[in-house]
Amino acid sequence: MSIKILIPTPLRPFTGRQEEVEVDGRNVGEALEGLITSHPQLRNHLFTADGKLRSFVNVYLNDEDIRYTGLQQTPVKSSDTLAIIPSIAGGCCCCC
Amino acid sequence: MPEAPNPGLHSASAGPSRCHEKSPPERQSGAVGTSPQPPWERYSRQILFAPLGEAGQSELRASHVALVGCGALGSAQAGLLARAGVGCLTIIDRDYVEASNLQRQSLFEEEDARESLPKAVAAARRLHALNSEVEVRAQVADLTPENLSALIGDAAVILDGTDNFETRYLLNDFAVEQRRPWIYGAVVGSQGVTFTVLPEETACLECVFGSQPGGMTESCDTAGVLNWVVQYIAAVQVAECVKLLVGARDALRRTVLSADLWRNDFRQLQPPPRDPDCRVCGRRDFMHLRGERRPHITLCGRDSVQIHEHDRAMDFGQLSQRLAPHGRVRHNAHVLKFWLDASSGGSGLEMTLFPDGRAMIKGTTDPAVARSLYARYIGS
């Protein structure tokens, strides 16, 4: 089924500036796999070399942290929204 | 013009800094004969808000807040806190004002950029004009494991206005060790995120983002940032800060707030519970406070390198004379700028030097180039 993944600003360069991407999948893992299949540059930003979600990338299914709902095995349904909330460095963002 | 505290790494007092002690509000108009209005008139609209009231205003007046970073978020936070009558603000920033800051860094003016004033100094001037009752401590310094305790002093709450994860992880260590709340905030593009770390109550930064600082390298330098998202996140940080200062802990927001003001997407996300095995808040192992991750030269934005303080007193007058044959030099009491001539091998290189010896070198991302430039013209 098709769900919506919201792409945060720091990752939009890797989705052709798309703010949200529709993907298919039965669970969060399949949905994220669908995302990096259509936008392969995202892989290194979301996953470590051994395929684990990076610690500074938090993924929320309908505002629930997937770390506490079953990680990538968390089932999804078609009205769901997956939000990726990365760590953002910005704040004063001049030259440092 | 009020004299700002002496800028520099060692400008903070050695012991914990103390702001003025709690005292009853000066509410009797007759008590201050020269004042055109009862002193608390300026806060009347805030005092009318029942959860604050006069008792809350007294608490704010007796409070000390530290703002780490005085760029976009820090400017907005400081302006709000000063107007609200928070008695003492410590402003810590290592940088100076540039024209490209003015779009979103609301405390600064064109003249500050022309003078290349350190942001903490420019902020202190402006804040004094906004509310002269507020004690502002300007600290022109890079926050380090060695100086943060002296710089932050006894501040009850620490607000994040930084632009990098090294400093945030350092702050997180310090706040958890000291059991003091700190309020994370970050903005990029039209998006912002904030959450409040309450040591021993909530998850800390490392519980939420893990131990690996950084990763998402796109910052405001490349993705830009809109001034209204800055104001939005800063306002939420200040709201939580005020609640903490007046003891309204039941009113605190305990979610991770993520907002994209362009897309009108507002989310309150459940933070993870405290991780009992978290290095910082579980095992109380304060690696960043011990300085184990700290390099002496850091890349700084797209095109700059910072050489951390050498702890050497600079005589800007003497140095200007020495550097003049090699390029254009300009200095004031706070900062020396040096544009190296192409004939001296420095096409496009610009050095900004602070009184404690710290330098920012623009025009290169190569630490070796920066180091050799510093060694050649300033000293090794």
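Touching a residue at least 12 places away in the same chain (Cβ under 8 Å) and of a type in the set (Val, Ile, Thr) - does that describe any residue in the range A:46-53?
There is no residue in the range A:46-53 that is touching a residue at least 12 places away in the same chain (Cβ under 8 Å) and of a type in the set (Val, Ile, Thr).
Select from the range A:13-32 the residues that are part of a strand (DSSP E or B) and of a type outside the set (Val, Ile, Thr) and write down the one among them that is nearest to the other protein chains (Cβ to nearest Cβ).
Ranking the qualifying residues of the range A:13-32, first place goes to A:Glu20.
Residues that are under 21 Å from B:Thr90 (Cα atoms), of a type outside the set (Lys, Arg) and in a loop (DSSP other than H, G, I, E, B): does the range B:210-221 have at least one?
No: zero hits.
Could you please give the count of residues in the range A:63-80 that are part of a helix (DSSP H, G or I) and at negative phi?
The qualifying residues number 5.
Would you pick out the residues in the range B:92-131 that are surrounded by 24 or more Cβ atoms within 10 Å (Cβ to Cβ), under 13 Å from B:Ala76 (Cβ atoms) and of a type in the set (A, V, I, L, M)?
B:Leu107, B:Ala123, B:Leu127
Would you mind finding the one in B:Pro38, B:Pro25, B:Pro7 that is under 30 Å from B:Ala359 (Cβ atoms), surrounded by 12 or more Cβ atoms within 10 Å (Cβ to Cβ) and either at pLDDT below 90 or touching a Lys or Arg at 6+ places or on another chain (Cβ under 7 Å) (or both)?
Checking each option against the conditions leaves just B:Pro7.
Considering every residue within the range B:107-115, establish whether at least one is assigned to a loop (DSSP other than H, G, I, E, B), at pLDDT below 95 and more than 11 Å from chain A (Cβ to nearest Cβ).
Yes, some residue in the range B:107-115 is assigned to a loop (DSSP other than H, G, I, E, B), at pLDDT below 95 and more than 11 Å from chain A (Cβ to nearest Cβ).
Could you please give the count of residues in the range B:198-212 that are within 14 Å of chain A (Cβ to nearest Cβ), surrounded by 19 or more Cβ atoms within 10 Å (Cβ to Cβ) and not small (Gly, Ala, Ser)?
Residues in the range B:198-212 being within 14 Å of chain A (Cβ to nearest Cβ), surrounded by 19 or more Cβ atoms within 10 Å (Cβ to Cβ) and not small (Gly, Ala, Ser): 7 in total.
Sort through B:Ala78, B:Ala50, B:Ala84 and tell me the only one that's in contact (Cβ under 8 Å) with a residue 24 or more places away in the chain and more than 14 Å from every other protein chain (Cβ to nearest Cβ).
After applying the criteria, what remains is B:Ala84.
Give the range B:133-170 a look and list any residue that's more than 14 Å from chain A (Cβ to nearest Cβ) and among the small types (Gly, Ala, Ser), or say none.
Scanning the range B:133-170 gives B:Ala138, B:Ser149, B:Ala150, B:Gly153, B:Ala155, B:Ala156.
From the set of residues in the range A:48-78 that are in contact with a Lys or Arg (Cβ under 7 Å, 6 or more places away or on another chain) and within 10 Å of chain B (Cβ to nearest Cβ), which is surrounded by the fewest Cβ atoms within 10 Å (Cβ to Cβ)?
Top of the filtered list is A:Thr48.
How many residues does the range B:116-132 hold that are away from chain A (no Cβ under 14 Å) and of a type in the set (Ser, Thr, Tyr)?
1
Does A:Leu11 satisfy the criteria of being crowded, with 18+ Cβ neighbours inside 10 Å and either under 26 Å from B:Asn227 (Cβ atoms) or touching a residue at least 24 places away in the same chain (Cβ under 8 Å) (or both)?
Taking the combined requirement at face value, the residue satisfies it.
Of the residues in the range A:33-62, how many are part of a loop (DSSP other than H, G, I, E, B) and of a type in the set (A, V, I, L, M)?
1
For residues that are in a strand (DSSP E or B) and in contact (Cβ under 8 Å) with a residue 40 or more places away in the chain, scanning just the range B:171-193, find the one that is farthest from the other protein chains (Cβ to nearest Cβ).
Here the residue is B:Ile183.
Considering only residues that are outside any strand (DSSP E or B), in contact with a helix residue (DSSP H, G or I) (Cβ under 9 Å, 6 or more places away or on another chain) and farther than 14 Å from B:Gln77 by Cβ, which ones fall in the range B:132-141?
B:Glu133, B:Ala141
On the basis of being touching an Asp or Glu at 6+ places or on another chain (Cβ under 9 Å), modelled with pLDDT of 95 or more and of a type in the set (A, V, I, L, M, F, W, C), does B:Ile152 make the cut?
no
All but one of (1) within 15 Å of A:Pro8 (Cα to Cα); (2) of a type outside the set (S, T, N, Q); (3) in contact (Cβ under 8 Å) with a residue 60 or more places away in the chain hold for B:Asp265, so report the exception by its number.
That leaves (3) as the condition not met.
The values are calculated or read from the model by the stated rules, or taken from the named source; none is laboratory data. A quick note: this is a predicted structure, and the numbers were derived from the prediction, not measured. Glycine gets a Cβ as well: all are built from the backbone with ideal geometry, and neighbour counts include every protein chain shown.
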